[in-house]
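K.L.:
My questions all concern the structure below.
Values quoted throughout were computed directly from the atomic coordinates according to the rules given, and no laboratory measurement underlies them. All figures in this text were calculated on a predicted structure; none of them were measured in a lab. Every residue, glycine among them, receives a Cβ derived from its backbone with ideal geometry; neighbour counts consider all protein chains shown.
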Amino acid sequence: MKKLLLAILADGTYSDRLSDYINNHKNLLDYMTFTSAYNLKLFIKHSKIDILLADNSMVSAIPDTKNIQKVIILSDGEDTQDYPIIFKYQPAGDILKEIFAKIADDDTISGTVCGYPVKKQAEITVVFSAFGGAGASTYARKLCSDMAANQTVLYINMEIFDSFAEFEKVSKDEQHYYIRGMSDAIFYLKQKKNNLAFKLESLINHHSDGYSYILPVEDYRDLYSITKDDIEHLVSVLCKETIYEKIVFDIGYINETSLKLFDICDVLLLPEPSGEIQKNKQNSLNRLLMRNGMKQVLDKAKCVLMKERSVSY
């Protein structure tokens, strides 16, 4: 399987800026740039393009689109009724997210493709704590940073209460803004559409430490709406239809769905308990797993010192 092909029809400066971003951030797209409609016309005589991203100044010169599956216009503010538009004067990363969002919502583009001829199964790691104050989220993010040195890594925050403001360095005036994260992913997941990988890519941010991440839910009830079938489908798409080699779930709640994620993950990381109360809570989790016939989860669970600097396991 191959990546989707994105053709960029714009002037050289704009095309270079956007293609540099795509080149530096691994995703589900290959790309080509064209600075003239004539060269694009020659190309599509014998080849097909999945998405054409064209500057609005070149709309009238767009050739016959029978070999172009979807056309998106880069607009400077003027509307066009013929094609969907994206505002051109915004960061390249935001433009790419909008492209993925439009692909995800287009039922005519069916079936996600991955970036590898044969996709290696991603390793799923779950970080969970049965007691507070263990530093599980800090540990999970540091783990992602360490793994990202030589692998593609995705961090997924599934906590009831988020740390968005602290994680994104958002000012107090901005903290009321809606967070595009797991709430959007869950809503799309519930619609049973075919392009979940593209939807996830439209929600993914890139951390300066080299890993990618999806922000938490806007409302804790979204987490409790995820069924066991939902989580299995999400993990399947992440493993088979994305570019990530390591996926880390930071879990902050317990129910049948999170237990299912414990079951299907490759590694479950738990904090090393300190003191009698923490040990008792850890033992309570162990008993819960045993009562649910999940001894195999305990066999793959690893207790680590999460407040230590090293996060290797």
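K.L.:
So what is the 222 nm mean residue ellipticity for the chain from helices alone, if each DSSP H run of at least 4 adds -39500 (n - 2.57) and you divide by all residues, rounding to the nearest 500 deg cm²/dmol?
P.N.:
Calculated from helices alone, the mean residue ellipticity at 222 nm is -11000 deg cm²/dmol.
K.L.:
Still on this model: Calculate log10 I(q)/I(0) of segment 197-313 for q = 0.11, 0.22 Å⁻¹, where I(q) comes from the Debye formula with a single equal point scatterer on each Cα and nothing for solvent.
P.N.:
Evaluating at q = 0.11, 0.22 Å⁻¹ gives log10 I(q)/I(0) of -0.45, -1.50.
K.L.:
What residue among T227, Y38, N195 has its Cα farthest toward the positive end of the dipole of the chain, where the charges are +1 on Lys, Arg and -1 on Asp, Glu, each on the Cβ?
P.N.:
So the residue furthest toward the plus end is T227.
K.L.:
OK, next. Pairs to check: K190/K281; K88/K190; K48/K70; K88/K192; K3/K142; K246/K281. Give those whose C-alpha atoms are more than 22 Å from each other in this structure. Walk me through the numbers before you get to the answer.
P.N.:
Details: K190/K281 33 Å; K88/K190 31 Å; K48/K70 11 Å; K88/K192 31 Å; K3/K142 30 Å; K246/K281 29 Å.
Listed pairs above 22 Å: K190/K281; K88/K190; K88/K192; K3/K142; K246/K281.
K.L.:
Nearest 20 debye, what's the magnitude of the dipole of segment 1-106 about its Cα centre given +1 on Lys and Arg Cβ and -1 on Asp and Glu Cβ?
P.N.:
Working: 12 positive and 15 negative charges, 113 e Å.
Here the size comes out at about 540 debye.
K.L.:
If you line up the long axis of helix 136-147 against the longest principal axis of the chain, both from Cα atoms, how many degrees apart are they, to the nearest 10?
P.N.:
That helix lies at roughly 50 degrees to the long axis.
K.L.:
To continue, here is another question. If one takes the longest principal axis of the Cα atoms in the chain, at what angle in degrees, from 0 to 90 and to the nearest 10, does the Cα axis of helix 228-241 lie?
P.N.:
Helix 228-241 sits roughly 50 degrees off the main axis of the chain.
K.L.:
Ok, one more. Pick from P271, P63, P216: which is most flexible by mean-square fluctuation in a GNM of the chain where alpha carbon atoms under 10 Å apart are linked?
P.N.:
Among P271, P63, P216, the largest mean-square fluctuation in the Gaussian network model of the chain belongs to P63.
K.L.:
Set the Förster radius R0 to 22 Å, insert the Cβ-Cβ distance between V267 and H233 as r into 1/(1 + (r/R0)^6), and round the FRET efficiency to 0.05. Working shown, then result.
P.N.:
Values: r = 21 Å, r/R0 = 0.95.
So, using R0 = 22 Å, E works out to roughly 0.60.
K.L.:
Once the convex hull of the alpha carbons of segment 4-104 is built, what does its volume come to per residue, in cubic angstrom?
P.N.:
Looking at segment 4-104, the number lands at 93 Å³ per residue.
K.L.:
Taking a cut-off of 23 Å between Cα atoms, list the lysines near K279, but don't count ones fewer than 8 places away on the same chain.
P.N.:
Within reach: K295, K300, K302, K307.
K.L.:
Rounding to the nearest 20 debye, state how big the charge dipole of segment 123-304 is about its Cα centre with +1 on each Lys and Arg Cβ and -1 on each Asp and Glu Cβ. Kindly include the intermediate steps, with their values, before the conclusion.
P.N.:
Details: 21 positive and 26 negative charges, 107 e Å.
Computed about the Cα centre, the dipole is about 520 debye.
K.L.:
Which three lengths, in whole Å and largest first, does the chain cover when its Cα atoms are put on their principal axes?
P.N.:
73, 42, 35
K.L.:
Pairwise over distinct Cα atoms, reciprocal of the mean inverse distance: report the Kirkwood radius of segment 123-304 in Å, one decimal place. Write out the running numbers ahead of the final one.
P.N.:
Details: mean 1/r = 0.0591 Å⁻¹.
Computed over segment 123-304, the radius equals 16.9 Å.
K.L.:
Moving on. Which of G77, G135, G210 ends up with the largest GNM mean-square fluctuation for the chain, with Cα atoms connected below 10 Å?
P.N.:
With Cα springs under 10 Å in the chain, the top fluctuation among G77, G135, G210 is at G77.
K.L.:
Can you work out the PRE-style zone for L305? Point 7 Å along Cα to Cβ, and I want the residues of segment 269-296 with backbone N under 19 Å.
P.N.:
Only 269-276, 278-279 pass the distance filter.
K.L.:
Only Lys, Arg, Asp and Glu count, each charged at its Cβ (+1, +1, -1, -1), so figure out the dipole size of the chain about its Cα centre, rounded to 20 debye. Display every interim value, and only then the final one.
P.N.:
On the way: 37 positive and 43 negative charges, 235 e Å.
I would put it at about 1120 debye.
K.L.:
Which order do the peptides 248-261, 29-42 come out in when sorted by mean C-beta neighbours inside 10 angstrom, highest first? Don't skip to the answer; put the middle values down first.
P.N.:
Working: 248-261: 18.9, 29-42: 16.5.
By packing density, highest mean first, the sequence is 248-261, 29-42.
K.L.:
Taking the Cα atoms only, what angle lies between the long axis of helix 12-24 and the longest principal axis of the chain, rounded to 10 degrees?
P.N.:
Roughly 20 degrees, rounded to the nearest 10.
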